[in-house]
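Quick notes on the structure that follows.
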Amino acid sequence: MNAELNEVDGIEFRLGSLFEPVVGELFDHIVSNPPFVITPRVEGVPAYEYRDGGMVGDALVAAFVAGCGDHLTPGGVAQLLGNWEYRGTGDALERVRGWVDDAAQPLDAWVIERDTEDAAQYAETWIRDGGTRPGTPAFDRLENAWLDDFEARDVREVGFGYVLLRRADGLPTLRRFERRHGALGANEAGLGAHLDACLAAHDAQAALDDDALAALRLTVAPDVTEERHLWPGADAPTAILLRQGGGFGRVVSADTGLAALVGACDGELSVGAIVAALAQLLEVDEAALRADLLPAVRALLTDGLLTLP
């Protein structure tokens, strides 16, 4: 229907569960908004095809992670929305990490948890989504079913967000599991374009040893600004923040050395030359300063605050 309304041609439609319609096929890019909503599998609780995949708990997202690598070309990327259960005292993102580690094919992974809801909030969200309003006998019955289902697995809350997976061409090099609650940025070019640039930057810097990295002449991304906070009358700042205007709108806390290095990255001097000059200026050991700053430079490159030549 969407394709017809938008007069889009060239789409091949196949009907089936998860990857069954594409057995034996490989793709450069897989995009999915799967029916991942956690729904009690008991009589009397309606299942809506647009949101319910028919599995217990977060098993559908786990199944996607487990199987997508078999359908990706080496270096191919899968992107999906999903959610994951916090069970007992455990960390849900560690559960997702386990899914990635146990996948059929080696995968790079970047998982961004956008928000969480406790069990009761989650139940209310999806009961209301189905058209049942609070304060009615039907709502109370459905809520009890949801909470009983969560209690059976000791689920205290549910996280949801974005998952980017890439079939590793060799050993996995990217493992990022992060929380961006209430701080997810906006990018006019789209977060997809930002993630693509971040993957390319990650691959480029990961292929360099520290000497090669230090030889680069880097530049600050044009959307990066610096904030300094000082107590009234103080000479030195109490906090220095590097703020990204696009992408995920990251805010990076920097010490004097890192802030000075970033400020000097105008494409003229190499990272190593900047570090050497800073060591003299700050009267610190150059090797120690380099060991402290180079990992931060790698992170700033991957996140798009610094750019490669």
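For SER253, all conditions in the list (1) outside any loop (DSSP other than H, G, I, E, B); (2) open to solvent by less than 70 Å² (accessible area, probe 1.4 Å); (3) farther than 24 Å from ASP209 by Cβ hold save one; what is the number of the exception? In the conditions (1) outside any loop (DSSP other than H, G, I, E, B); (2) open to solvent by less than 70 Å² (accessible area, probe 1.4 Å); (3) farther than 24 Å from ASP209 by Cβ, SER253 misses (2) alone.
Taking the criterion of being open to solvent by less than 10 Å² (accessible area, probe 1.4 Å), in contact with a Ser or Thr (Cβ under 8 Å, 6 or more places away or on another chain) and either at positive phi or not small (Gly, Ala, Ser) (or both), the only residue of segment 65-85 that qualifies is LEU80. Can you say whether ASP169 is touching a strand residue (DSSP E or B) at 6+ places or on another chain (Cβ under 7 Å), in a loop (DSSP other than H, G, I, E, B), charged (D, E, K, R) and open to solvent by 50 Å² or more (accessible area, probe 1.4 Å), as far as the supplied structure shows? Yes, satisfied. Across segment 4-27, the number of residues qualifying as on the phi < 0 side of the Ramachandran plot, touching a residue at least 24 places away in the same chain (Cβ under 8 Å) and surrounded by 10 or more Cβ atoms within 10 Å (Cβ to Cβ) comes to 4.
Answer yes or no as to whether ALA279 is touching a Lys or Arg at 6+ places or on another chain (Cβ under 9 Å), over 20 Å from THR219 (Cβ atoms), assigned to a helix (DSSP H, G or I) and open to solvent by less than 10 Å² (accessible area, probe 1.4 Å). Reasoning before the result, please.
On the way: touching a Lys or Arg at 6+ places or on another chain (Cβ under 9 Å): yes; over 20 Å from THR219 (Cβ atoms): yes; assigned to a helix (DSSP H, G or I): yes; open to solvent by less than 10 Å² (accessible area, probe 1.4 Å): yes.
So ALA279 passes the test.
Applying the set (1) at pLDDT below 95; (2) open to solvent by less than 40 Å² (accessible area, probe 1.4 Å) to PRO46 leaves exactly one unmet item: (2). If the condition is being β-branched (Val, Ile, Thr) and more than 30 Å from the chain's Cα centre (by Cα), then segment 264-305 contributes ILE274, VAL275, VAL284.
Of the residues in segment 111-137, how many are farther than 27 Å from ARG180 by Cα and touching a helix residue (DSSP H, G or I) at 6+ places or on another chain (Cβ under 9 Å)? Steps first, please.
Within segment 111-137, the subset farther than 27 Å from ARG180 by Cα is 130-137.
Narrowing further to those that are touching a helix residue (DSSP H, G or I) at 6+ places or on another chain (Cβ under 9 Å): 130, 132-134.
So the answer is 4.
Residues satisfying the criterion are present in segment 150-158 (criterion: open to solvent by less than 50 Å² (accessible area, probe 1.4 Å) and within 20 Å of the chain's Cα centre (by Cα)).
The values are calculated or read from the model by the stated rules, or taken from the named source; none is laboratory data. All of these numbers come straight from a predicted model, not from anything done at the bench. For neighbour counting, all protein chains shown are included, and Cβ atoms are generated from backbone atoms with ideal geometry for every residue, glycine included. For accessibility, only protein heavy atoms count, side chains too; no ligands or nucleic acids. Shrake-Rupley method; radii C 1.70, N 1.55, O 1.52, S 1.80 Å.
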